[in-house]
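What follows is calculated from the coordinates using simple rules that are stated; it is not laboratory data. The structure presented is a predicted model; accordingly, all values stated were derived computationally and were not measured. Here Cβ is always computed from backbone atoms with ideal geometry, including for glycine, and neighbour counts include all displayed protein chains.
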Amino acid sequence: MAQQNKLDAGGMVYSEILSPSELFAARSRSHKIPIKGQKNFFPDDSDEQQKQLEQSLNEHCSLLSEERGKGCNGTLVKATWISSKQVVELQSLSGKFWQTMGFSAEGKRYLLPEEALYLMECGSLQVFYEDLALSIQDAYEIFLSSETVSLHQYQVFGHLKRLGYVVHRFDPSSLPSRYAQQLNLPQSGKNAGNQLKRKHDVSLTSTSAPSLSKTLVPTTDTMSADEHMKDESVDESVAMTSSESTADESSTTDSAVMVEPRKWWTSDIIEDKGSNHRNCSRSGWDFSSILFPDLGSKENLSGSLASPDPSLLPGALAVGVCDVASWRSKINQRKVKGSPEHRRRGVDNQRQGWHGKKDEEVQSCKNWTEFNDLMARHQHRRQDEQAEHLWNREVTPLHDPSQPLPTRELLDICSVIKPTCLLEGASRLKPAHEWRISFVVYQPDTASEFKKSKPRKPYTHVCVCGFDGPVPELQTVKLLTSQSGDVPVVFAVVDHGDVSFYTMKDFELPTDVFL
Amino acid sequence: MQAEFRAPRRRNRVQEDFEASLPVSHSSRKRAQLRAELINQHVLVCRPEDIQKIYSQGYFGKGILSKARPDHSISDQWEYHEGLLFPVISSSSYRELLQWARAFLSAQGWDNEAISQMMTNLSRPVQIEDVKKEVDGECPVVEGGVGPFTKRPRSEVNPKAKRSCSQSSHLDRDLDPELDHDRVSRTANSDPDSEHVVSGAGFVLVVFEEEVRELRRIPVPVTEYLQLSLEEAFFLVYGLGCLSVCLNQEPLSILQLWKTFRAQRPDFVCSYAAYHYFRCKGWVPKGGGGAKYGVDFMLYRKGPPFYHASYSVVVQPVNSEYKGTGTRPFTWRSLAALNRITTNVSKELLFCYVVFPANLSDAELESPQCLSRLKVQEVIVSRWISSRERAEQDDI
């Protein structure tokens, strides 16, 4: 942009201060961006097209030739650059930006270099160094260095600030130590009254957990006589397992920690995540021991359900014995598609199995005893024919088909490979210099004021890297996640001024069992 | 902070019934073995009843002539001709099949005269009485073009089950002829009670010019096999103990199989560890995602016919310092591209890191028991949109 205090090569001198009419013109300029119309694909030599092209070109030219005025939007704050401390000291009264940027020390107000550069680009700050006003180019050269922030980091800073977030430099000591996390101490800096409600707050607070369990345990109320009923209810109970387990964990930890009286709706995410870090396992309830009644099975169940275990129910809820005979008479009435084929196949196997092959032997049996002996002999011979090669060597299969097990236990036996979480083993990793957390980002909240001295819980931490650089390895991800506590880490990738953000989060696939 | 689990999306039209999660029976105490052959470094299941069981219970493998489920049939059109149901093919396809039959016979070493004689025999018009005689009678029927899952009109197609020995004119000549005699190929839809409507197995209606249909014998019966990937085959052998893989009629032990697979693919341990882990969680990992989505495999809940795949998985080995071995390096550009593709198909990108401990010796790697020393770390990679509107709806 045109600098107001630079001499033109042609010798013309621009006046530094705008005259009142120029100022008025600058302030009342239209802020609209030229609208792009329909695309013209080929020239058709018409006057109208010519006019349109000229008009849009003129608009662009006038837009580009606008001079940006400093301080046109309000007060222009003056400041000086202190190179010994690498900060900018404010000389005049600060504007609205003081709410979220800058810091006070020794009675004076300071701005960090990246904040100062951002404000200079906005046009609300003027920085002097040794009584000379700095240009934007000077400021870029002086403020961004290896001791302050790099160019990539500044670009990310600017990008996020222009979107409205509050961005501060990351201070590793501001995080609670591992010990404090283990004790689940509430954060001293947190503002208990103004927690930002997050989407999954709803599922993690303690009141919703009983409502979930209430819908699951007395499943009879929601059963419907549907052909796929059994499948669907198993589906739902499995799907709910993963969300319920996180809800239950929070409820158990919430009840365990009562350091100060807190209202339940402001329950902190920190406590939940702290316990998450402490033990990577997730379920508060052991679903393998809690049995859900299977009303769809064909085995003989009694016509009534006993009342469930009181420890599974919330509060003062008492559930009595439930009579399910009427429901059971309504289910399993429709034939499942494909079952006639199954039946036919079974019958056919029996009819045309190897019984047919051994007609002579079967006919030579004179009574049932001989027939049974013949069957037994065939059975043994068949088993011997089965390849014993799998079971008579050093390494045998994990599961023996001759001992049938339900699917869940079968999967348990086969699970020899255990999952791990990101925090495991992270403590023994050495921090690297090139991968570190640069900024803390807070959500912009228009409802309440942002207090610099007692900021809210951070929204995310940002680690800046260049697009041409390497992708972080698992080692780096583990390190950063452990450094960042319970706040998510976002990787900001800068590609010549364009910033894109990627997250790499820990995950564990829930177990999914049918039948 | 943990990534949240998103529920898998169900498909709109589900036409299949769910049989079982894994091909093991829950009640019988027999060690009934399913059998597969290791042919030219591929694992193939040849017996139709084994194919049916392995595919329907757990969705292992892929039919070699089909997209996924082995339901190849010689034609998509089936018509009634004098009371029997036949597949219909065009005359050009018929001629092509005749050419194959001729090539096969000449490769077997017959001289030209004999070949032409056989070809004339093969391609003469067939009367419906011959068909009925073969279908109803005791003589072995050429069982060609019909497999356990063959697509047929849904209604009353019920060929009688026969014990038949298929013609040795298979496309794959590596099979021992002994195998053919042992094989008892039965078609899945068998109904001894149905009287009239029988499909003429081994015969086909050829459309000559202008809608004239003539009945002919199928020159080259093509049966379909099920191909299992190395990881699927090893899981069925080692994890469930229900399959045995034979090489030249010799069943291979677990250690031999492990060695063979490791020799064939150097990163077999890592990819098998990931496969085993996901199977033991009850999910169905299907390979072949590489050509379509650029990843190692896709994870399905319950099976491909029921749900859309939920995750695209990239498997990477790391050592005990959690550093990768560099076999598949990512740049931000390739990661951004992969992320875009995955988002466009509504899946999530899951990185599965297989952690090898430091003191794992080569000797331990020779046996599949080293799997218990490996650990798996799952990481979900996603893009965060920083613009303000997104941030309020969508947490990180």
What does the net charge come to around A:GLN153 if you take all other residues with beta carbon closer than 13 Å to its beta carbon, with K and R at +1 and D and E at -1?
-1
With DSSP loop assignment and no more than 12 other C-beta atoms within 10 Å, the chymotrypsin sites (Phe, Trp or Tyr not before Pro) in region A:444-501 are none
Region A:397-412 - phi-based ³J(HN,Hα) in whole Hz, Karplus 6.51/-1.76/1.60, Gly and Pro as x
x, 6, 10, 9, x, 6, 10, x, 10, x, 4, 5, 6, 4, 5, 5
Roughly what % antiparallel, to the nearest 5, for the DSSP beta bridges in region B:266-395?
65
Diffing region B:313-320: the Karplus 3J(HN,Hα) column from phi (6.51, -1.76, 1.60, θ = phi - 60°), in whole Hz with x for Gly and Pro, holds 10, 10, 9, 9, x, 10, 8, 6
Here the net charge surrounding A:PHE103, from other residues whose Cβ is less than 9 Å away from its Cβ (Lys, Arg +1; Asp, Glu -1), is +2
Could you grab the relative contact order for region B:266-395? Cα pairs under 8 Å, six or more apart, rounded to a whole percent.
21
If R₀ is 22 angstrom, what is the calculated FRET efficiency for the pair A:LEU53 and A:LYS32, using the beta carbon separation as r and rounding to 0.05?
0.70
With +1 at each Lys and Arg Cβ and -1 at each Asp and Glu Cβ, the charge dipole magnitude of region B:1-108 around its Cα centre, to the nearest 20 debye, comes out at 520
Quick check on my link table: of B:LYS53/B:LYS259; A:LYS96/A:LYS457; A:LYS452/B:LYS323; A:LYS78/A:LYS452; A:LYS330/B:LYS347, which ones sit more than 32 Å apart, alpha carbon to alpha carbon?
A:LYS452/B:LYS323; A:LYS330/B:LYS347
Other protein chain Cβ atoms within 10 Å, averaged over every residue that makes up B:371-380
6
Sorted by chain and number, the residues with a modelled amide H under 5 Å from that of B:SER244, at a separation of 5 or more or across chains, are B:LEU34, B:ARG35, B:ALA36
With +1 on the Cβ of every Lys and Arg and -1 on the Cβ of every Asp and Glu, and nothing else charged, how large is the dipole of region B:266-395 about its Cα centre, in debye rounded to the nearest 20?
420
